[in-house]
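The values are calculated or read from the model by the stated rules, or taken from the named source; none is laboratory data. Everything numeric here is computed off the predicted structure, so don't read it as measured data. Cβ placement follows ideal geometry from the backbone for every residue including glycine, while neighbour counts extend to all protein chains displayed.
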Amino acid sequence: TYGMHSIHGRAPAIATGLATSRRDLSVWVVTGDGDALSIGGNHLIHALRRNVNLKILLFNNRIYGLTKGQYSPTSEVGKITKSTPMGSLDAPFNPISLALGAEASFVARTVDSDRKHLTEVLRQAAEHPGTALIEIYQNCNIFNDGAFDALKDKQQAEEAVIRLEHGQPIRFGADGAKGVVRDPHTGDLDIVTVTADNE
């Protein structure tokens, strides 16, 4: 592998140029929540909508971890940091919603500590023939420790995590006993207990 460092926030633009001029390369961007969604937000949106063969790994730790703990575009409301001593007032960005709004052709979310799921998501992204955005929840043990503990604790994760697989029914909870169904008349989504009748 070969790597290069680009200007802060501009990696998707540089990678787009590389991917379009060198179709023989597998081009990957490694970025963070602050880099991709603040100074680089515009570049991210256009990379997603252009759908060139490019893979974007967005490490989200809900804080500016490399620049010493300021709140980021994904920090929760009320987050107290060096740059928000009274608490953040901004509603956080949802990178997945942003990517879907830009009509990205491959969007996924995973967590750094779930090796099996992370590996499978990266494999599928690598095989995708267009732009792929993979949001990876990543703990920052210095400035935002425990941000994703609810997803890492097995018992809490049973209720907090819904794994979506293309073409598969949506199941979650203990032993996949809960599901999500769409009302055929209104289009609303409802959570149901899975039975033979509604499976």
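Summary table below
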read-out: Exclusive hit being closer than 23 Å to Ile39 by Cα, aliphatic (A, V, I, L, M) and not in a loop (DSSP other than H, G, I, E, B), set Ala104, Ala99; value: Ala99
read-out: Residue tally, condition under 20 Å from Glu165 (Cβ atoms), among the hydrophobic types (A, V, I, L, M, F, W, C) and in contact (Cβ under 8 Å) with a residue 24 or more places away in the chain, over region 80-111; value: 7
read-out: Selection status of Ser6, part of a loop (DSSP other than H, G, I, E, B), at pLDDT 95 or above and surrounded by fewer than 23 Cβ atoms within 10 Å (Cβ to Cβ); value: no
read-out: Test for Ala11: is it buried (at least 20 other Cβ atoms within 10 Å of the Cβ), of a type outside the set (Lys, Arg) and within 18 Å of the chain's Cα centre (by Cα); value: yes
read-out: Residues of region 111-123 classified as β-branched (Val, Ile, Thr) and at pLDDT 95 or above, total; value: 2
read-out: Restricting region 151-188 to residues that are charged (D, E, K, R), at pLDDT 85 or above and surrounded by 13 or more Cβ atoms within 10 Å (Cβ to Cβ), the residue that is farthest from the chain's Cα centre (by Cα); value: Lys178
read-out: Whichever residue in region 58-93 is surrounded by fewer than 16 Cβ atoms within 10 Å (Cβ to Cβ) and under 20 Å from the mean Cα position of the chain (by Cα) and, among such residues, is modelled with the lowest pLDDT; value: Leu66
read-out: Where a residue in region 112-127 is in the same structural domain as Phe59 (by TED's automatic domain parsing) and of a type in the set (S, T, N, Q) and its partner, wherever it lies, is outside any helix (DSSP H, G or I) and exposed (fewer than 15 other Cβ atoms within 10 Å of the Cβ), with Cβ under 9 Å and at least six apart; value: Gln124/His166
read-out: Residues of region 1-24 classified as farther than 20 Å from Ala36 by Cα and of a type in the set (Gly, Ala, Ser), total; value: 1
read-out: Residue within region 17-25 that is buried (at least 19 other Cβ atoms within 10 Å of the Cβ), out of contact with any His (no Cβ under 8 Å at 6 or more places or on another chain) and among the small types (Gly, Ala, Ser) present; value: yes
